[in-house]
1. Can you find, among 83, 107, 56, the residue farthest towards the positive end of the dipole of segment 56-134? Put +1 on the C-beta of Lys and Arg, -1 on that of Asp and Glu.
2. Amide H neighbours of residue 81 under 5 Å, at least 5 residues apart or on other chains, H built in the peptide plane: list them.
3. If each residue of separation counts as 0.36 nm, what is the full-extension length gain between residue 130 and residue 61 once their alpha-carbon separation is subtracted?
4. If you take every DSSP beta bridge fully contained in the chain, what fraction is antiparallel? Give it as a percent rounded to 5.
5. What lysines does residue 128 reach when the alpha-carbon gap must be under 25 Å and sequence neighbours fewer than 8 apart in one chain are set aside?
6. Note down the relative contact order for segment 65-133 as a percent, whole number, built from C-alpha pairs under 8 angstrom at least six residues apart.
7. Explain nothing, just compute: Karplus ³J(HN,Hα) = 6.51 cos²θ - 1.76 cosθ + 1.60, θ = phi - 60°, for every residue of segment 39-52 in order, whole Hz, x for Gly and Pro.
8. For residue 20, what residues show an amide H to amide H distance below 5 Å, using hydrogens built from the backbone and excluding near sequence neighbours?
Amino acid sequence: MTGELRLRREIVKILKPLNAQPVENIVKVGCPDIEYHGGWIEVKRTREWPVRAETIIRLDHDLTPEQRTWINRRTRVGGTVWVLIQIDRTYLLLEGADAAFYVGKVTRKDLESIADGVCIGLAELRRKLLTWVR
């Protein structure tokens, strides 16, 4: 099982009170990984932070052009979309349109500054994620 798949399963468990469910949509390319009462979440990760502070953050699987388009279309009509990124033990929650614009283009400092939520470790994510996405 890939790291993104494990993380997606964990997010669905955390958001069970919001009726979260994983989405596998081969018909609509770009659709996020998780749907819950209130919005959508795309899950991304990479194993570790770059050594140099000025290095642009690259994820194991960057947001695709189709994902960026889906996110932008949904947020333009008032929908809620988040991108949850795990890097090492750090979890960052970004508003979808911000993620669609910045992910793959910024450094660690920039990514942390645009994040709506940052926490260290899965235990802290379990405590905070539900309140962040409400």
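1. With unit charges placed on the Cβ atoms, the residue in question is 83.
2. Placed amide hydrogens put 40, 96 under 5 Å from residue 81.
3. Residue separation times 0.36 nm, minus the Cα-Cα distance, leaves 22.4 nm.
4. 70 percent
5. 13, 16, 44, 109
6. 28 percent
7. Coupling constants for segment 39-52: x, 10, 9, 9, 10, 9, 7, 8, 5, 8, 6, x, 5, 8 Hz.
8. 37
The values are calculated or read from the model by the stated rules, or taken from the named source; none is laboratory data. None of the values given here were measured: they were computed from a predicted structure. No Cβ is skipped: glycine too gets one built from the backbone with ideal geometry, and neighbour counts run over all protein chains shown. These area figures cover heavy atoms from the full protein model, side chains too; ligands, DNA and RNA do not enter into them. Shrake-Rupley method; radii C 1.70, N 1.55, O 1.52, S 1.80 Å.
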